[in-house]
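Asker: The structure that follows is given in the form of structure tokens.
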């Protein structure tokens, strides 16, 4: 499969996760679960995911255990399944836009590894922002460990000044994901 089809598969898997967990929209955590599912043998046979498997291995993460733990942390959202489509949350759309920005900076096509990096950054920034920016995160541009600065409501790297949040969401895949997968 090419990059876009793989990204569509990630969205479909994330939609399945969100629906199964009783959420009304796809969150970055659902994307992370979906990305970890790409290492499952039945999915791995359909796509070339060596780079993604390598990312999880380098981080010392066993995808199945990670998935189970993240599902337990998310719990049940309590929402009934949406009729027809499930949308990405604003944070999820920002993750896709951030991944596109990372790929563009590297001059390559958007891939699942960009999506993984953007998801980590999103979750790290979210945690830092909730903790009053007490936590350090890694800038996807300069890779400096820093506390994000918020300029106009958008996180920026305190080291290089680059915007960490996403460019306009229209560059990312559509929000609506069919629920009948």
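Asker: What FRET efficiency, computed as 1/(1 + (r/R0)^6) with R0 = 30 Å and r the Cβ-Cβ distance, is obtained for residue 159 and residue 50, rounded to the nearest 0.05?
Answerer: Taking R0 as 30 Å, the efficiency between residue 159 and residue 50 is 0.45.
Asker: Kindly put 6, 113, 119 in sequence by how many other C-beta atoms sit within 10 Å of each C-beta, fewest to most.
Answerer: 113, 6, 119
Asker: Fewest first, what order do 114, 30, 87, 143 take by the number of other Cβ atoms within 10 Å?
Answerer: 143, 87, 114, 30
Asker: Determine, for 141, 27, the number of other Cβ atoms within 10 Å of each Cβ, and report the residues in order from fewest to most.
Answerer: Least crowded to most crowded, the residues run 141, 27.
Every number in this text was worked out from the coordinates using simple rules, so none of it is lab data. In this text the structure is predicted, and so the values were computed from the model without any measurement. A quick note on method: Cβ atoms are made from the backbone with ideal geometry, for glycine too, and the neighbour counts reach across all protein chains shown.
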